[in-house]
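Contents: one structure, followed by commentary.
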Amino acid sequence: MAERKWTNDEATQLIELAEAGLTVDEIGERLDRTGGAVRVKANRIGVDFYVRDIGKFPAKRRSEKLDCMMCRLPMVSTWAGNRICDSCKKTELYRCS
Ligand SMILES: [Zn+2]
């Protein structure tokens with residue numbers, strides 16, 4: 001089964017569900033993905049999961065407080081390599097570069 005590409009919306013949902021205390025498998029069910037795929041993506045975007053079995057820390061975002069490389073406004077990055085805010089991504093400049 002090939003992995004579908006993650007959209008920004010799905011990544012945001014992943015973060016919200018993780019923060020709500022859902023496990024990778026529960027999040028996978030909601031997003032129609034495998035638990036493994038959710039775990040890989042979560043790692044990539046810096047989400048720590050609440051692990052019920054061992055009562056680990058609650059999920060939280062690690063990487064925040066980035067400034068957009070184009071407009072210099074603060075933005076929330078849903079993955080580590082994302083340095084351009086959503087509004088700048090819609091501009092022609094970004095599409096052509
Ligand atoms: Zn921007």
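The numbers here are math on the coordinates, done by the rules we state, and not lab data. Predicted, not measured: the structure shown is a model, and the values here were computed from it. Note that each Cβ is placed from the backbone with ideal geometry, even for glycine, and that neighbours are counted across all protein chains shown.
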Summed residue charge, Cβ within 10 Å of Met70's Cβ, Lys/Arg positive, Asp/Glu negative: +2
Listing Thr23, Thr7 by rising number of other beta-carbon atoms within 10 angstrom, fewest first, gives Thr7, Thr23
What ranking of Met70, Met75 emerges when the number of other C-beta atoms within 10 Å of each C-beta is taken as an exposure proxy, fewest first? Met70, Met75
